[in-house]
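What follows is a single structure, written as structure tokens, with notes after it.
The values are calculated or read from the model by the stated rules, or taken from the named source; none is laboratory data. Since the model is a prediction, treat every value here as computed from it, not as a measurement. Cβ coordinates were reconstructed from backbone atoms using ideal geometry, including for glycine residues, and neighbour counts include every protein chain displayed. Surface areas here come from the heavy atoms of the whole protein model, side chains and all, with no ligands, DNA or RNA. Shrake-Rupley method; radii C 1.70, N 1.55, O 1.52, S 1.80 Å.
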Amino acid sequence: MNQEAKKITNNLYGRVTAPALEKCRVNFCTDLEKSVLMSNFERRGWNQVGPDDEWNFYWASTQTCRNLFSVESGYRMNDNQMINHFPNHYELSRKDLLVKNIKRYRKELEREGSPLAEKAEVVLHGGQVVTRYIHLDFVPITFVLPADYNMFVEEYRKSPQSTWIMKPCGKSQGTGIFLINKLSKLKKWSREAKTPFHPQLSKESYVISRYIDNPLLIGGKKFDLRLYVLVTSFRPLKAYLFQLGFCRFCTVKYDTSVTELDNMYVHLTNVSVQKHGGDYNSIHGGKMSVQNLRLYLEGSRGRVVTEKLFAAMQWLIVHSLKAVASVMANDRHCFECYGYDIIIDNQLKPWLVEVNASPSLTSTTVNDRILKYKLIDNILSVVLPPDGVPDVRWNKLPSPESLGSFDLLIDEELLEKDESVASNGRVGKNSKMSR
């Protein structure tokens, strides 16, 4: 078998053939021994050590990271150590805190008189007229229960035929999610859960959001997007968008009838939910690449509106990050790859559903494995200095060649330099997504 044939065979079985990198002495530690992680570390010639040994690079779970940064641990990182989470990543990834931070960000911009906080009256597809932010209307109207229960009831009564989605704040993969279209159903759940809406008695917080009941459908099925966003710093904000995101489809055709309200195979796109359905396809895993989505939309809706949609998704990501930047503990030892879940409605408007601090690295298909291997490889190339050894003194300005499949979303440090150059009468070169 010739070399080219070998390469094709390897790819068929999901083993990614990649040239060996120049070896450098880095000790890594991980409590997530996923093959896409281990194979990337091994290809770099890194040496695995335990958490109590001298490590340079730690790919940790969020809980391990919280323990490490806790006051009780007393752990101090040195200049040659890096870890894959910010200490209080939950400001972005916990559903209730994300909403709270976005609401605060809007109010701050309003107080400053920023044009970003402009509002206007809009007519919802059900005919209801509401006042919305023109530029920052990218999360469905949301309340935290039990704390905001009375405000939710007031909003619900403005449109009693609407559907709402309940999610536990601290859980993922579709756990504990359900839909309601009647206040009585919420009260019944409250009684059965033995957590009456009383802040002192309730143990677990939920968010309740207006359900996007007019999603864009392809083949009659609902889907959402999983996009990967890498943040290397929050102050100044430095963020990158991975080009190889994907759509996750429901296995059952979308149906808004009351009888299907409890059918999660119709409403929830999580692979952890859909893989248990009888119609789940394990070959493609109910996934489609973002590139194919773009081609589909350009063909069916036109290039102009497709470009506008993709720009709106980048805008949404940047401003969700700006909303938490001021409250994030911006430790130079940290970077983080977030999994953004976005739903597009039938007017081609994107909505931020949630942000995951530990997006799944499990490979459900061959293409999944190839994509996630490349994601980790590209993350390492962006966050590490040119010599491949962690060093917090590095300025976190990766070369264009090291970005791989990442596009620069925003780099406030570069923007500041550009503005400084422009104000001195010379032309500055803007980074992508700078406006």
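Name the aspartates and glutamates eligible as straight-distance cross-link partners of LYS188: C-alpha to C-alpha under 17 Å, and not fewer than 8 places from it in the same chain.
GLU204, ASP262
With a 1.4 Å probe and all protein chains left in place, how much accessible area per residue does segment 288-435 have, in Å²? Let's see the in-between values first.
Details: 6730 Å² over 148 residues.
So segment 288-435 comes to 45 Å² accessible per residue, rounded to a whole number.
Mind ranking 298-308, 157-167, 31-41 by how tightly packed they are, going by the mean number of other C-beta atoms within 10 angstrom, highest first?
Values: 298-308: 12.5, 157-167: 15.1, 31-41: 16.7.
By packing density, highest mean first, the sequence is 31-41, 157-167, 298-308.
Determine the order of THR256, THR232 by accessible area, beginning with the largest, at a probe radius of 1.4 Å.
On the way: THR256 95, THR232 10 Å².
Output order, biggest surface exposure first: THR256, THR232.
What spacing in nm lies between the two simple spin-label points modelled at LEU397 and ASN214, each 7 Å away from Cα in the Cβ direction?
Spacing of the two 7 Å Cα→Cβ label points: 4.6 nm.
Quickly rank 383-389, 128-134, 319-325, 44-50 as a protection proxy: mean count of other C-beta atoms within 10 Å, highest first. Let's see the in-between values first.
Working: 383-389: 16.4, 128-134: 11.9, 319-325: 21.9, 44-50: 14.9.
Going by the mean number of other Cβ atoms within 10 Å, highest first, we get 319-325, 383-389, 44-50, 128-134.
Under 12 Å from the Cα of LYS222, which aspartates and glutamates turn up, not counting those fewer than eight places away in the same chain?
Those aspartates and glutamates meeting the cut-off are ASP213, ASP255, ASP345.
Taking θ = phi - 60°, what integer Hz values does the Karplus form 6.51 cos²θ - 1.76 cosθ + 1.60 yield along segment 322-339, in sequence order, with x for Gly and Pro?
Per residue, the Karplus-derived 3J(HN,Hα) values read 5, 5, 9, 4, 6, 9, 6, 6, 8, 7, 5, 7, 10, 9, 7, 9, 9, x Hz.
So between LEU295 and LYS308, what do we pick up on full extension, going 0.36 nm a residue minus the alpha carbon distance?
Values: separation 13, 0.36 × 13 = 4.68 nm, distance 1.39 nm.
Answer, rounded to one decimal: 3.3 nm.
Would you kindly state how much longer the chain becomes between SER184 and LYS107 on full extension, computed as 0.36 nm times their sequence separation minus their alpha carbon distance, in nm to one decimal? Could you put the intermediate results ahead of the total?
Details: separation 77, 0.36 × 77 = 27.72 nm, distance 3.28 nm.
Roughly 24.4 nm would be gained on extension.
DSSP loop (so not H, G, I, E, B), at most 14 other Cβ within 10 Å: list which chymotrypsin sites (Phe, Trp or Tyr not before Pro) in segment 67-126 pass both filters.
On the way: sites: PHE69, TYR75, TYR90, TYR105; in loops: TYR75.
Loop-located and lightly packed - TYR75.
At what distance in angstrom do the alpha carbon centres of segment 358-384 and segment 103-136 lie from each other?
37 Å
How far, in nm, would the chain grow between ILE141 and GLN161 when pulled straight, counting 0.36 nm per residue and subtracting the alpha carbon separation? Spell out each step's value before the answer.
Values: separation 20, 0.36 × 20 = 7.20 nm, distance 1.54 nm.
5.7 nm is the gain from fully extending ILE141 to GLN161.
Dipole size in debye (nearest 20) for segment 287-359 around its Cα centre, Lys and Arg Cβ +1, Asp and Glu Cβ -1?
On the way: 8 positive and 7 negative charges, 55 e Å.
Here segment 287-359 has a charge dipole of around 260 debye.
Calculate, for LEU124 and ALA422, the FRET efficiency according to 1/(1 + (r/R0)^6) with r their C-beta to C-beta distance and R0 30 Å; round to the nearest 0.05.
The value I calculate is 0.15.
Positive end of the dipole of segment 56-156, charges at C-beta (+1 Lys, Arg; -1 Asp, Glu), about the Cα centre: which of GLN63, PRO146, VAL122 has its Cα farthest in that direction?
Highest projection toward the positive end goes to GLN63.
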